[in-house]
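Inspection log for the structure reproduced underneath, given as structure tokens.
The values are calculated or read from the model by the stated rules, or taken from the named source; none is laboratory data. No experiment lies behind these values; they were computed from the predicted model shown. Please note: Cβ atoms are built from the backbone with ideal geometry, for glycine as well, and neighbour counts cover all protein chains shown. These area figures cover heavy atoms from the full protein model, side chains too; ligands, DNA and RNA do not enter into them. Shrake-Rupley method; radii C 1.70, N 1.55, O 1.52, S 1.80 Å.
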Amino acid sequence: MPKPQQPKELPKAYDPTAYEDRIYAAWEKSGAFKPASDGRKRADKDRRPYTIIMPPPNVTDRLHCGHAVMLALEDALIRYHRKRGFDTLYLPGTDHAAIATASMVDKQLAKEGKGRHDLGRKKFEERTMRYALENKRTIEEQVRAMGTSCDWSRNAFTMDEPRRGAVQEAFRRLYKKGLIYRGSYMVNWCPVCRTVLADDEVEHQEQEGVLYHLAYGPFTVATTRPETMVGDTAVAVHPKDKRYKEFVGKTVEVPMISGVRKIKVVADDAVDPEYGTGAVKVTPFHDRTDYAIGGRHKLDAPEVIGEDGTMTAAAGKALAGLDRFEARKKLVAWLKRKKLLKKEELMKHSVGRCYRSDDVIEPRISDQWFVKVSDIKEQAIRFAEDGDLKFVPERFGKTYRQWLENLHDWCISRQIWFGHPVPAFVNDKGDVSLTKKAGYKPSEDTLDTWFSSALWPFSTMGWPKQIADFKRFFPNDVLETGYDIIFFWITRMVLMTAALDVKDEKTGQLKPPFHTAYLHGLVRDARGRKFSKSLGNGVDPLEMIGKYGTDALRWMLATSTSPGGDLKFDEDRLVKSRNFANKLWNISRFITGTVEGEADLKLLRAETLTTFDRGILHKLYRTAQTVEAAFHDPAAYDKPGDVPTESRPRQLAKPYDLGFAGNALYEFVWSDFADWYLEIAKVQLRNPETAQNTAIILKYALETVLGLLHPFVPFVTEAVWQDGLRKREPLITSPWPVVHEDLDQPEDADRFDRIREVIETIRRIRAEHRTPAKSFVQAYLVADGSAWLAEAGDAINKLARLSMLRVGQHPPKEEAATAVVGDVTVVVPLAGLTSETAAQRLQAEMERAKMDIERLKGRLANKDYVENAPKHIVTETEAKLREAEAALAKLESRQG
RNA sequence: GGGCUCGUAGCUCAGUUGGCUAGAGCGCUUGAUUGACGUUCAAGAGGUCACAGGUUCGAAUCCUGUCGAGCCCACCA
């Protein structure tokens with residue numbers, strides 16, 4: 001670690017730019033990012049592994065805020081587990097994103113007035129790869145800037161050599177198992193990308209369209225796509241439909257733009273006789289339902305719309321060469337002229353669009369490669385049912401399941417020029433060979449980019465070779481990503497693990513590739529809109545880092561959301577986060593500048609510990625418990641010998657609810673520690689009786705808090721740890737602070753809070769009566785057994801600005817404001833107070849007490865309540881009633 | 001058509017298995033401050049928990065319905 005040649009005192013405000021790069025470089029150089037088991041120490045090999053693979057960002061572009069959330073959450077999990085003694089592997093990587101990247105280059109070329117065919121396949125591939133690698137480098141810089149503690153020595157790319165090998169091997173194995181097949185089927189075709197797409201790559205949108213009702217021989221049929229009529233080969237009706245019985249099996253004549261055509265009439269169950277006229281035109285080549293009907297009735301299937309979206313020669317002279325939408329216009333005009341158009345009806349219907357180019361998808365018949373999912377999807381569903389695969393939040397388990405249940409075979413071939421080639425050979429007849437043979441040519445198709453992503457949990461570990469990483473780190477632990485790619489990615493990884501039978505080497509069992517899928521939401525702008533290029537509302541995380549620091553960004557992203565919830569990107573919150581880092585910095589500045597010595601609780605002198613000392617330690621203990629509950633997933637370690645920690649945390653936050661943990665930390669650090677204990681400590685440090693203990697506790701609490709916060713805000717905590725506290729071992733690899741249970745003393749925390757309320761009450765009274773802030777006032781406190789109050793006298797004096805405090809003494813009756821805080825009566829005589837206003841105030845307090853008493857009495861008078869409510873609730877009510885009655889009595893005794 | 005969220009303070013949201021007088025931050029109002037921090041501190045105002053029923057001793061929380069917002073899936077011409 002770089003030893004600072006800073007002046008003794010830390011600068012007034014925390015300046016992230018002065019630390020971040022330097023600290024990151026030092027971390028990386030020290031080997032902290034690598035798994036401990038990479039080293040030579042025998043003991044490190046016995047640590048339980050904890051693995052997260054980074055969802056590889058697409059090399060299409062720079063990182064956006066969604067990636068930043070992902071990195072903030074994952075790195076927090078990793079840093080926690082690293083400090084907790086796990087053998088952590090956080091494996092970084094990037095995805096070549098075949099179709100997305102290719103379409104970026106397509107767009108570049110379009111600007112130059114060229115198309116990919118002008119370049120040719122080889123040049124296009126080279127150019128795309130160049131583009132990809134450039135972005136890859138940028139992304140890696142950004143991942144570093146986020147403070148991500150991933151192991152760069154294992155950095156992976158879906159198109160590097162090891163991954164290439166894994167992809168080819170996976171394909172071959174699946175083909176041999178019969179899980180990959182090739183055939184001619186109805187697929188989704190994008191005319192702009194000139195490739196087939198998987199079902200989930202098609203985005204369905206409701207949009208306004210026209211339903212054309214056409215005279216069709218003796219029938220009337222309706223269609224939103226009249227241009228397809230030139231590809232029609234049948235009219236279908238329901239078998240039981242009496243209206244059309246006479247036509248079934250016959251041929252009718254239908255006038256077409258290219259002349260009269262003979263069309264078969266078929267009966268098929270797929271037709272709904274209730275809908276429209278009950279007669280449907282059938283275009284087997286260009287419609288899914290019609291394709292099925294065509295198959296059942298052995299219909300011809302002429303291709304009338306080509307791969308580029310223009311009408312083919314088969315469409316007839318009048319339309320050939322026209323784009324499909326132009327053709328539609330022309331055909332509609334013709335229909336009108338011939339009076340064949342009976343009706344035009346506006347209607348909403350769903351249109352499929354390409355998720356990359358946004359062009360309208362054309363269903364068509366095509367030779368493609370498919371993964372057969374019927375068998376493996378059962379296994380994938382079983383993983384979730386058996387509890388081997390959990391979802392956070394749980395509801396996404398349902399989404400996962402439903403999607404799998406409805407899953408059709410997965411089309412994995414693409415006709416784009418960037419990506420993994422299909423490692424197989426095909427002859428003219430469509431026969432397939434995995435090896436080169438006479439008469440067979442290498443397939444020109446590439447693989448769906450999600451095919452390589454689906455292998456990511458094990459292709460990054462060296463699979464198919466059984467090397468050490470694979471044995472040690474697979475299956476992974478948590479897969480953290482956005483819920484929007486459950487279908488694209490999460491399900492595919494599970495399917496591929498099952499399909500390839502990738503077993504856990506340690507147990508020999510087949511398990512999902514990770515035990516938990518932890519999903520975060522979408523990042524939206526401050527007004528709740530999706531980030532989009534067209535709106536121009538995107539936020540560049542790097543810009544925010546420059547403005548507020550990495551810690552501020554990480555803190556904001558990791559703590560202002562609960563799992564699965566969308567997150568609004570609000571710059572005001574970022575300001576707050578930066579302020580929090582600065583607060584922490586200044587707390588440290590005060591402590592390191594004021595206090596010397598060790599943070600060793602064993603050096604405490606128990607006899608002179610104050611309520612505040614014990615109270616703050618208790619609050620610290622609770623905070624640590626909460627944080628651990630959020631990071632520690634008990635279900636994940638329920639395997640023998642896996643838990644390296646001494647205590648299983650109580651359930652104070654739900655696992656993975658880092659937002660909850662963050663709030664607890666924020667509350668403790670700012671409110672309990674800085675606003676109260678630190679102010680009290682200033683008093684205690686001046687008293688030789690308490691100074692020593694206070695110093696120890698300040699140091700201890702600071703060190704502990706730095707540890708607890710480190711997963712969220714790694715830079716500022718490390719900066720303070722090293723430059724403020726002068727620690728030798730860096731915080732990143734220092735053990736997680738263990739807060740022992742003997743600090744769990746709730747009574748002291750309660751008294752702490754009671755004193756706090758007393759001080760707040762005095763402040764309130766001062767403010768009510770417009771007592772100048774500079775002035776000092778007097779106060780009397782009366783309570784049973786008030787030694788603890790008396791002991792706190794100095795602190796109360798300071799924080800409530802008192803010139804005189806009497807504890808336990810009978811206070812004077814006149815011209816004083818009275819309040820009751822629990823069992824403490826607070827009396828503040830004020831110079832400007834008349835006996836009248838004092839009485840008014842007293843009256844109001846009494847009213848409140850009376851109302852409390854009435855309400856509580858009423859509740860206890862209800863037999864059903866007393867009998868049915870749990871006992872502790874009832875005793876609580878009774879205690880409250882007693883307290884309220886005591887309060888009223890005290891107030892009454894104050895009455896003249 | 002099927003599924004999933006969500007309606008709580010002016011704004012953004014917490015609110016764990018039903019149980020104190022429903023919380024926080026921002027914003028707003030008032031005030032403070034020469035030693036950790038103005039990237040600060042103190043005090044205050046502000047809510048019929050969307051609406052209507054039901055279950056219960058007790059509902060923001062559970063159930064049903066209504067209204068409103070959003071998301072995902074689906075080959076109906």
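When A:K12 is evaluated against the numbered criteria (1) among the basic types (K, R); (2) within 16 Å of RNA strand B (Cβ to nearest atom); (3) open to solvent by less than 10 Å² (accessible area, probe 1.4 Å), which criterion, by number, is the only one it fails?
Among (1) among the basic types (K, R); (2) within 16 Å of RNA strand B (Cβ to nearest atom); (3) open to solvent by less than 10 Å² (accessible area, probe 1.4 Å), the lone unmet condition for A:K12 is (3).
Only one of these conditions is not met by A:L833: (1) under 23 Å from A:I755 (Cβ atoms); (2) open to solvent by less than 50 Å² (accessible area, probe 1.4 Å); (3) more than 13 Å from RNA strand B (Cβ to nearest atom); (4) not aromatic (F, W, Y). Which number is it?
(1)
Among (1) buried (at least 17 other Cβ atoms within 10 Å of the Cβ); (2) touching a helix residue (DSSP H, G or I) at 6+ places or on another chain (Cβ under 8 Å); (3) at pLDDT 95 or above; (4) not hydroxyl-bearing (S, T, Y), which single condition is A:A198 missing?
(3)
Can you tell me which residue among A:F458, A:F487, A:F470, A:F451 is within 16 Å of RNA strand B (Cβ to nearest atom) and either in contact with a Leu (Cβ under 8 Å, 6 or more places away or on another chain) or outside any loop (DSSP other than H, G, I, E, B) (or both)?
Selected residue: A:F487, the only one of A:F458, A:F487, A:F470, A:F451 that is within 16 Å of RNA strand B (Cβ to nearest atom) and either in contact with a Leu (Cβ under 8 Å, 6 or more places away or on another chain) or outside any loop (DSSP other than H, G, I, E, B) (or both).
Here is a check on your reading of the model: is A:T623 open to solvent by less than 20 Å² (accessible area, probe 1.4 Å), β-branched (V, I, T) and on the phi < 0 side of the Ramachandran plot? Break it down stepwise before answering.
On the way: open to solvent by less than 20 Å² (accessible area, probe 1.4 Å): yes; β-branched (V, I, T): yes; on the phi < 0 side of the Ramachandran plot: yes.
Criteria met by A:T623.
Going through segment A:423-441 one residue at a time, which ones are in contact with a strand residue (DSSP E or B) (Cβ under 8 Å, 6 or more places away or on another chain), open to solvent by 80 Å² or more (accessible area, probe 1.4 Å) and not hydroxyl-bearing (S, T, Y)? Don't jump to the end; show me each part of the working.
Keep residues of segment A:423-441 that are in contact with a strand residue (DSSP E or B) (Cβ under 8 Å, 6 or more places away or on another chain), which gives A:424-427, A:430, A:432-437, A:440-441.
Imposing the further condition that a residue be open to solvent by 80 Å² or more (accessible area, probe 1.4 Å) reduces the set to A:435-437, A:441.
Matches in segment A:423-441: A:K436, A:K437, A:K441.
From the list A:K813, A:K857, A:K890, exactly one residue is more than 10 Å from RNA strand B (Cβ to nearest atom), open to solvent by 30 Å² or more (accessible area, probe 1.4 Å) and touching a Leu at 6+ places or on another chain (Cβ under 7 Å). Which is it? Steps first, please.
Numbers: A:K813 fails: touching a Leu at 6+ places or on another chain (Cβ under 7 Å); A:K890 fails: touching a Leu at 6+ places or on another chain (Cβ under 7 Å).
Just one listed residue meets the conditions, A:K857.
Determine if segment A:160-170 includes at least one residue that is open to solvent by 20 Å² or more (accessible area, probe 1.4 Å) and at pLDDT below 95. Show your work before the answer.
Within segment A:160-170, the subset open to solvent by 20 Å² or more (accessible area, probe 1.4 Å) is A:160-165, A:168-169.
Filter once more, keeping what is at pLDDT below 95: none.
No, there is no match, as no residue in segment A:160-170 is open to solvent by 20 Å² or more (accessible area, probe 1.4 Å) and at pLDDT below 95.
Checking A:A517 against (1) in a strand (DSSP E or B); (2) free of Cβ contacts under 8 Å to residues at least 24 places away in the same chain; (3) among the small types (G, A, S), which single condition isn't satisfied?
(2)
Looking only at segment A:397-422, count every residue that is within 22 Å of A:A102 (Cα to Cα) and open to solvent by less than 20 Å² (accessible area, probe 1.4 Å) and tell me the total.
Our first condition is that a residue be within 22 Å of A:A102 (Cα to Cα); within segment A:397-422, this holds for A:410-422.
When the remaining residues are screened for being open to solvent by less than 20 Å² (accessible area, probe 1.4 Å), the result is A:410-414, A:416, A:418-420, A:422.
Adding up the residues that qualify gives 10.
Conditions (1) touching an Asp or Glu at 6+ places or on another chain (Cβ under 9 Å); (2) farther than 22 Å from A:G419 by Cβ; (3) crowded, with 24+ Cβ neighbours inside 10 Å, marked per residue:
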position	(1), (2), (3)
A:A36	yes, yes, no
A:R42	no, yes, no
A:P49	yes, yes, no
A:I52	yes, yes, yes
A:M104	yes, no, no
A:Q142	no, yes, no
A:T148	yes, yes, yes
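In segment A:333-340, is there at least one residue being within 16 Å of RNA strand B (Cβ to nearest atom), modelled with pLDDT under 95 and in contact with a strand residue (DSSP E or B) (Cβ under 7 Å, 6 or more places away or on another chain)? Give the steps one after another, and end with the answer.
Quick first cut of segment A:333-340, residues within 16 Å of RNA strand B (Cβ to nearest atom) only: A:335, A:340.
If we keep only those that are modelled with pLDDT under 95 too, we end up with A:335, A:340.
In the following step, the residues that additionally are in contact with a strand residue (DSSP E or B) (Cβ under 7 Å, 6 or more places away or on another chain) were identified as A:335, A:340.
Yes, the conditions are met somewhere in segment A:333-340.
For the subset of segment A:258-272 comprising residues that are in contact (Cβ under 8 Å) with a residue 12 or more places away in the chain and among the charged types (D, E, K, R), which member is nearest to RNA strand B (Cβ to nearest atom)?
A:D272
Can we say A:T550 is open to solvent by less than 60 Å² (accessible area, probe 1.4 Å), touching an Asp or Glu at 6+ places or on another chain (Cβ under 6 Å) and among the hydroxyl-bearing types (S, T, Y)?
Working: open to solvent by less than 60 Å² (accessible area, probe 1.4 Å): yes; touching an Asp or Glu at 6+ places or on another chain (Cβ under 6 Å): yes; among the hydroxyl-bearing types (S, T, Y): yes.
When the stated conditions are applied, A:T550 passes them.
Residues checked against (1) near RNA strand B (Cβ under 8 Å from one of its atoms); (2) surrounded by fewer than 17 Cβ atoms within 10 Å (Cβ to Cβ); (3) of a type in the set (A, V, I, L, M); (4) closer than 30 Å to A:I486 by Cβ:
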| position | (1), (2), (3), (4) |
| --- | --- |
| A:Q207 | no, yes, no, yes |
| A:T224 | yes, yes, no, no |
| A:D232 | no, no, no, no |
| A:K242 | no, yes, no, no |
| A:K245 | no, yes, no, no |
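Name every residue in segment A:399-420 that is touching a His at 6+ places or on another chain (Cβ under 9 Å) and either without any contact (Cβ under 8 Å) to a residue 60 or more places away in the chain or β-branched (V, I, T) (or both), in order of residue number.
Correct list: empty.
Would a scan of segment A:844-864 turn up a residue that is within 26 Å of A:D753 (Cβ to Cβ) and modelled with pLDDT under 85?
No, the conditions are met nowhere in segment A:844-864.
Taking helices (runs of 4 or more DSSP H) that fall entirely within segment A:102-188, which contain at least 1 residues that are over 30 Å from A:P363 (Cα atoms), touching a strand residue (DSSP E or B) at 6+ places or on another chain (Cβ under 8 Å) and in contact (Cβ under 8 Å) with a residue 12 or more places away in the chain?
Working: elements: A:116-119, A:121-145, A:161-176.
The helices (runs of 4 or more DSSP H) meeting that bar are A:121-145, A:161-176.
For residues that are part of a helix (DSSP H, G or I) and surrounded by fewer than 11 Cβ atoms within 10 Å (Cβ to Cβ), tally how many sit in segment A:860-870. Write out each step before concluding.
So in segment A:860-870, the residues part of a helix (DSSP H, G or I) come out as A:860-861, A:863-868.
If we keep only those that are surrounded by fewer than 11 Cβ atoms within 10 Å (Cβ to Cβ) too, we end up with A:861, A:863-864, A:867-868.
Qualifying residue count, segment A:860-870: 5.
Restricting attention to segment A:273-324, which residues are at positive phi, within 9 Å of RNA strand B (Cβ to nearest atom) and open to solvent by less than 50 Å² (accessible area, probe 1.4 Å)? It would help to see each step written out before you state the result.
Taking segment A:273-324 and keeping what is at positive phi, we get A:276, A:278, A:298, A:309, A:316, A:321.
This time we only want the ones that are within 9 Å of RNA strand B (Cβ to nearest atom), so: A:276, A:278.
Within segment A:273-324, just A:G278 meets the criteria.
With the condition kept exactly as written, say whether any residue in segment A:487-503 is at pLDDT below 95 and either surrounded by 14 or more Cβ atoms within 10 Å (Cβ to Cβ) or small (G, A, S) (or both).
Within segment A:487-503 (the criterion being at pLDDT below 95 and either surrounded by 14 or more Cβ atoms within 10 Å (Cβ to Cβ) or small (G, A, S) (or both)), the answer is yes, since at least one residue qualifies.
Is there a residue being under 30 Å from A:A384 (Cβ atoms), assigned to a helix (DSSP H, G or I) and over 19 Å from the mean Cα position of the chain (by Cα) anywhere in segment A:499-511?
Restricting attention to segment A:499-511, the residues satisfying the condition of being under 30 Å from A:A384 (Cβ atoms) are A:499-511.
Next cut, assigned to a helix (DSSP H, G or I) only: A:499.
If we keep only those that are over 19 Å from the mean Cα position of the chain (by Cα) too, we end up with A:499.
Yes, that holds for at least one residue.
Any residue in segment A:281-305 that's of a type in the set (G, A, S): show its pairings with residues that are in a helix (DSSP H, G or I) at Cβ separation under 7 Å, as long as the two are six or more apart or on different chains.
Going by the 7 Å Cβ cut-off, the qualifying pairs are A:A301/A:G294.
Among the residues of segment A:555-596, how many are of a type in the set (D, E, K, R), more than 8 Å from RNA strand B (Cβ to nearest atom) and either more than 23 Å from the chain's Cα centre (by Cα) or under 24 Å from A:D675 (Cα atoms) (or both)?
Taking segment A:555-596 as the starting set, the residues that turn out to be of a type in the set (D, E, K, R) are A:566, A:568, A:570-573, A:576, A:578, A:583, A:589, A:596.
Then drop every residue that is not more than 8 Å from RNA strand B (Cβ to nearest atom), which leaves A:571, A:596.
Checking the rest, the ones that are also either more than 23 Å from the chain's Cα centre (by Cα) or under 24 Å from A:D675 (Cα atoms) (or both) come to A:596.
Residues meeting the conditions: 1.
Go through the residues of segment A:725-743 one by one and say whether even a single one is among the basic types (K, R), open to solvent by 60 Å² or more (accessible area, probe 1.4 Å), within 36 Å of the chain's Cα centre (by Cα) and more than 16 Å from RNA strand B (Cβ to nearest atom).
Looking through segment A:725-743, at least one residue is among the basic types (K, R), open to solvent by 60 Å² or more (accessible area, probe 1.4 Å), within 36 Å of the chain's Cα centre (by Cα) and more than 16 Å from RNA strand B (Cβ to nearest atom).
Could you check how many residues of segment A:566-592 are touching a helix residue (DSSP H, G or I) at 6+ places or on another chain (Cβ under 9 Å) and open to solvent by 20 Å² or more (accessible area, probe 1.4 Å)?
Of the residues in segment A:566-592, 13 are touching a helix residue (DSSP H, G or I) at 6+ places or on another chain (Cβ under 9 Å) and open to solvent by 20 Å² or more (accessible area, probe 1.4 Å).
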